[in-house]
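Just so it is clear, none of the values below were taken in a lab; they were calculated from the coordinates. Just so we're clear, the structure is a prediction, and the values are computed from it rather than from any experiment. Methodologically, a virtual Cβ is constructed for each residue, glycine included, from the backbone with ideal geometry; neighbour enumeration extends over all protein chains shown.
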Amino acid sequence: MYYLSQINLPSGPQTHFPFTLPAFRELSSMSFNTPVTVFVGENGSGKSTLLKALAIKLNLPAIGSNDLERDETLEGVKAFGEAIITSWKKKAYRGFFFRAEDYFGFVKRLRNIDQEFKGDIVDFEKQLSGTGLKLAVGAVHGQKEALLRKYGDLTEVSHGEGFLKVLQGRLQAEGIYLIDEPEAALSPQR
């Protein structure tokens with residue numbers, strides 16, 4: 001099943017980004033007739049810009065060190081993305097935006113979460129005792145274990161293996177997934 005059926009792109013002066021890119025000078029709309037769409041083209045042709053703009057338009061969660069709202073690298077495409085008009089066959093309520101370069105930010109985010117969990121346990125040990133302490137610490141350990149089950153230890157695998165683990169841990173049926181430059185992390189066989 002595919003969900004997004006068409007996008008209509010805004011227009012603007014060809015002297016301003018992203019309308020300086022070939023894709024946006026010549027393209028006003030795009031239809032999607034298959035469940036998977038792959039954008040192929042030369043560097044600088046607009047593939048990543050389009051995916052960023054779509055992620056903003058669809059308000060997809062981003063896998064990386066920042067969410068879409070706080071990601072400064074998306075500033076140049078925010079207005080463009082918000083102006084895209086979408087048509088749906090069926091609305092998708094699951095999905096994410098994942099750039100190959102965001103993988104390392106995601107690993108750092110998981111490491112920071114682990115440090116926060118350790119800090120929470122220290123705080124609980126100072127403030128609680130008995131059953132309350134056991135419940136609070138147990139909840140934190142449960143969250144840590146859930147992340148470990150979902151992704152494993154991403155610091156102990158290659159970039160490509162970790163990238164695949166993140167995808168396998170996050171992909172679900174009936175979703176829309178924007179994955180930018182997965183070939184940067186994956187070997188030709190993958």
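The table that follows gives values for the structure above.
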read-out	value
Note, ³J(HN,Hα) from phi for the stretch 42-47, Karplus 6.51, -1.76, 1.60, rounded to Hz, x at Gly and Pro	5, 4, x, 7, x, 4
In order through the stretch 73-78: 3J(HN,Hα) via Karplus (6.51 cos²θ - 1.76 cosθ + 1.60), integer Hz, x for Gly, Pro	6, 9, 3, x, 10, 4
Segment GLU161-ASN43, length gained on full extension (0.36 nm per residue, minus Cα span)	40.0 nm
Ellipticity estimate at 222 nm from DSSP helix runs (n ≥ 4, -39,500 (n - 2.57)) divided over the chain, nearest 500	-14000 deg cm²/dmol
Principal-axis tilt of helix 103-127 within the chain, Cα atoms, nearest 10 degrees	30
Karplus 3J(HN,Hα) series, Hz, for the stretch 141-150 with 6.51 cos²θ - 1.76 cosθ + 1.60 (x for Gly, Pro)	4, x, 5, 4, 5, 5, 5, 5, 5, 6
Net length gained if the chain between LEU128 and ALA79 were fully extended (0.36 nm per residue, minus Cα distance)	12.8 nm
Overall form of the stretch 110-155 per C-alpha gyration tensor (a/c, 1.5; a/b vs b/c)	oblate
Pair GLN115, ASN59: separation of 7 Å Cα→Cβ label points (nm)	3.1
Residues with amide H under 5 Å from that of ALA62, placed H, sequence gap 5 or more	LEU68, PHE97
Amide H within-cut-off set for LEU4, under 5 Å, with H built and near neighbours excluded	LYS89
Nearby lysines by direct alpha-carbon distance to LYS126 (threshold 29 angstrom, same-chain neighbours under 8 apart not counted)	LYS108, LYS118, LYS134, LYS144
Pairwise label distance in nanometres, MET30 with GLU72, each label 7 Å out on the Cα-Cβ vector	2.8
Relative contact order (%) - the chain, alpha-carbon pairs under 8 angstrom, separation at least six	25
Residues ASP153 and SER11, FRET efficiency given R0 of 30 Å [Cβ-Cβ distance, rounded to 0.05]	0.05
Those lysines that a straight Cα-Cα span of less than 27 Å connects to LYS90, excepting residues fewer than 8 apart in one chain	LYS47, LYS52, LYS57, LYS78
5 angstrom amide H check on ARG94, placed H, neighbours 5+ away	ILE176
